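In what follows, a structure is listed as structure tokens, so that the remarks can point back to it.
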Amino acid sequence: MAHESTYKPGNALSKWFDDRLPVLRLMHDQFGVFPMPRNLNYLWTFGGILTFFLVVQVLSGVVLAMHYVPHESMAFASVEHIMRDVNWGWLLRYMHANGGSMFFLAVYLHIIRGMYYGSYKAPREILWILGVFIFLAMMATAFMGYSLVWGQMSFWAVTVITNLFSSLDAIWSGLGTAIVEWIWGGFAVGNPTLNRLYSLHYLLPFVIFGLVLLHIWALHVPGSNNPTGIEIKTKSDSISFHPYYTVKDGFAMSAFIVLFAFFIFYAPNFLSHPDNYIEADPLVTPPHIVPEWYFLPFYAILRAIPDKLLGVIALFASILLLLFIPWLDTSKVKSARYRPIYKWFFALFVISGLVLGYLGAKAPEGWYLIVGRIATAYYFLHLLVIMPVVGWIEKPTAMPGSITESVLGKGAGGGTPKGAAAAPERR
Amino acid sequence: MKAITSPGMRLASILSVGLLCALGAFAAPARAAGDLPTITAQSWSFNGPFGTFDRGQLQRGYKVYKEVCAGCHGMKFLHFRNLGEEGGPEFSEAAVKALAAEVEVSDGPNDEGEMFDRAGRPADAFPSPFANAQAARAANNGALPPDLSVMAKARTGGADYLYALLTGYSDPPEGVTVAEGMNYNKAFPGHQIAMAVPLFDDGVEYTDGTAATLDNHAKDVSAFLMWAAEPKLEERLRIGLRFMIYLVLLTGFLYLAKRRVWGSLKH
């Protein structure tokens, strides 16, 4: 939330610095006294957790890159070299591989939270759109990173996913093939492909970093949404970021790292596929090509559609449609807490995502395919029909008058004029 | 305990648990893909959070590998020095030198530009049984014996699978015909494997008093392959335990700090 700067340089040096580069002022205003809704729950801690994982991935990745060799005949061996001969190499690699999974787990929870509480609605549309771009960039980065291992699953995942573009042949004969060969840098997935994937895998995290800065900037203009979806109106609705949310985010982050550490130390390969410990072989196709778990819902959507081109379109649409939900959702109320009908449809939406994830790992045949089609249909129905229609017809339940009222009960500051209530810190 | 019982916290925990279950569900079928026969879990010394390798078992396992498997299977990511490293078979320095010296290694070129043969040193990699994949296929009826360096991580079931495979040879059941040059195996996907029965009772001589049974040979070499695939397992578990204790304490203290900070505020 834009607010007047309250920073006061403590000494001559910080005053001198502040007149030239007011970075301390920025930190003070944006992360010290920044007014936050007082009623945020633990679902609001994933922003901090995600920032942590971006840093973990960049730091571990930079060191891994010092030892990794992006060459088709040496990549797999260099990964084993890291696991065996590089000091703490096994730790770095398991951190980086499982860090990717934790990054996606956190981002899915972050997205579900944003959707449930209507965090994409005015005035936070750009904040949301930047978030979708970050998600897209994360997907691209994770896909490229997975390919670098150059195991069987890496190689065949690259083959399958890049081949999606060949579906454009259905529009203009030869177009798709030309694009695929351009991406590959040859007539098959090979050394040029691996090299460019490596280059882009190193580049994209910095793009994500830039997008994250914009995301935080866009967040700090209207300030955080909250479980009631009601904006901050009076002083008693808000508390300062520090110490309240620094300590709460710190606790949540530490608890999440316990889960991260569990995977690193006790189940480092649980989330990946054993086939990726077999070196890439263009002559041997694995019986089942499956992506990493975090892509399975989208993989299921791709395979639910019988037509190749339409399947690819559905795959991209399932993510790109998220860009438009600030306008697809017609409800005046932000938080699904006060939306008796939409609440249930939203639960169904989350379930359809989980079902699609489960089916993404199964062969698309028999009941799996039928259920996969139903879940895919619901995914799109929810975004394109249910969001606008329910918004029109639904009658929201009674809402509290303010954030303060939602926390302290009726008559406890909802109508208190600005500045009249004592600072909550002194309560 | 207000924070714990708030609806947000509940929702957060339900969502996290739900997503985690889903995560597990995704991972499990992804690994179970293919009609693999059921593999029985064995009780390995390296199982669980406090697991360690059994040095004697790894040393016997290396002997089985060297005398039986190494005839066809290479282990290109292993070096003789690894055999003496902490957390592995931990052969003595002299033993590692002696084991390395058993193989002949092509080195060079020397000052005259000639390649020459010399006895192996601890820094040398395990020798490859064949010059190239084509030679390996030619010698094995068209089948390529895979490298075993990371085999224990490259198959669903890991060491349990390897043990099941090595002890899974039998006569084919009624009505099943096995193709020319193939062997029936209960644990192998598709049940027809090119590898002939590799291990049998008294196949490898043990010098430490362990009974030289097929079962022990299979167990020992499976454990050896697990170590070969994950040589830092002991270090990982040791550091993991310390880190976990530290992290759980830190999380507890942060929770107390959070309660303290928020205590004066009605929420």
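Where in chain A are the DSSP H helices whose C-alpha atoms run 20 Å or more along the long axis and whose mean Kyte hydropathy is at least -0.5?
A:46-67, A:89-116, A:125-148, A:191-220, A:246-266, A:342-360, A:366-381
Run the helix sum for chain B: -39,500 (n - 2.57) per DSSP H stretch of 4+ residues, divided by residue count, reported at 222 nm to the nearest 500 deg cm²/dmol.
-14000 deg cm²/dmol
Give me the distance in nm between label points sitting 7 Å out from Cα along the Cα-to-Cβ direction at B:Leu256 and B:Thr210, one decimal.
Between B:Leu256 and B:Thr210, the simple spin-label model gives 4.7 nm.
Once the mean 1/r over all distinct Cα pairs of chain B is inverted, what Kirkwood radius in angstroms do you read off?
Answer for chain B: a Kirkwood hydrodynamic radius of 22.3 Å.
Determine the share of chain B's accessible area contributed by carbon and sulfur atoms, expressed in whole percent, with a 1.4 angstrom probe.
Looking at chain B in its full context, I get 57 percent from C and S.
Between B:Lys186 and A:Glu231, with labels modelled 7 Å along Cα→Cβ, what's the label distance in nm to one decimal, could you check?
7.1
Starting from the Cα of A:Ala122, step 7 Å toward the Cβ, then list every residue of the range A:213-238 with an amide N under 16 Å from that point.
Residues A:222, A:230-231 fall inside that zone.
In Å², nearest 100, what accessible area do chains B and A bury in total when the solvent probe is 1.4 Å?
5400
Counting only other chains, and only Cβ atoms inside 10 Å, what mean value do you get across the residues of B:238-251?
4
The range A:164-226 to the range A:233-278: how many Å between their Cα centroids?
Here the two parts' Cα centres lie 27 Å apart.
Please report, largest first and rounded to whole Å, the three semi-axes of the ellipsoid equivalent to the range A:18-83, where each semi-axis is the square root of five times an eigenvalue of the C-alpha gyration tensor.
40, 19, 7
Principal axis lengths of chain A from Cα atoms, whole Å, largest first?
Per principal axis, max minus min of the Cα coordinates gives 75, 59, 42 Å.
In percent, what relative contact order does chain A have, based on Cα pairs under 8 Å that are 6 or more apart in sequence?
After rounding, I find 22 percent.
Over the Cα atoms of the range A:296-398, each weighted equally, I'd like the Debye log10 I(q)/I(0) at q = 0.17, 0.20 Å⁻¹, rounded to two decimals.
-0.76, -0.95
Apply the Kirkwood formula to the range B:129-174: the hydrodynamic radius equals the inverse of the mean of 1/r over all pairs of different alpha-carbon atoms; give it in Å with one decimal.
One decimal place: 12.6 Å for the Kirkwood radius.
Could you give me the ³J(HN,Hα) list for the range B:160-172, computed from phi with Karplus coefficients 6.51, -1.76, 1.60 and θ = phi - 60°, whole Hz, x at Gly and Pro?
4, 5, 4, 4, 4, 5, 5, 9, x, 6, 7, 5, x
Under a point spin-label approximation (7 Å from Cα along Cα-to-Cβ), what is the B:Arg118-B:Ala139 distance to one decimal in nm?
2.5
Just need log10 I(q)/I(0) for the range A:177-307 at q = 0.13 Å⁻¹, Debye formula, equal scatterers on the alpha-carbon atoms, no solvent, rounded to two decimals.
Cα-only, vacuum Debye calculation for the range A:177-307: -1.00.
Roughly how many debye, to the nearest 20, is the charge dipole of the protein assembly as shown about its Cα centre, given +1 on each Lys and Arg Cβ, -1 on each Asp and Glu Cβ, and no other charges?
For the protein assembly as shown, the charge dipole is close to 4860 debye.
Give me the base-10 log of I(q)/I(0) for the range B:35-170 at each q in 0.14 Å⁻¹, Debye formula, one uniform scatterer per Cα, rounded to two decimals.
With no solvent term, the Cα-only Debye profile gives -0.80.
The values are calculated or read from the model by the stated rules, or taken from the named source; none is laboratory data. Everything numeric in this text was worked out from a predicted model, so none of it was measured. Cβ coordinates were reconstructed from backbone atoms using ideal geometry, including for glycine residues, and neighbour counts include every protein chain displayed. These area figures cover heavy atoms from the full protein model, side chains too; ligands, DNA and RNA do not enter into them. Shrake-Rupley method; radii C 1.70, N 1.55, O 1.52, S 1.80 Å.
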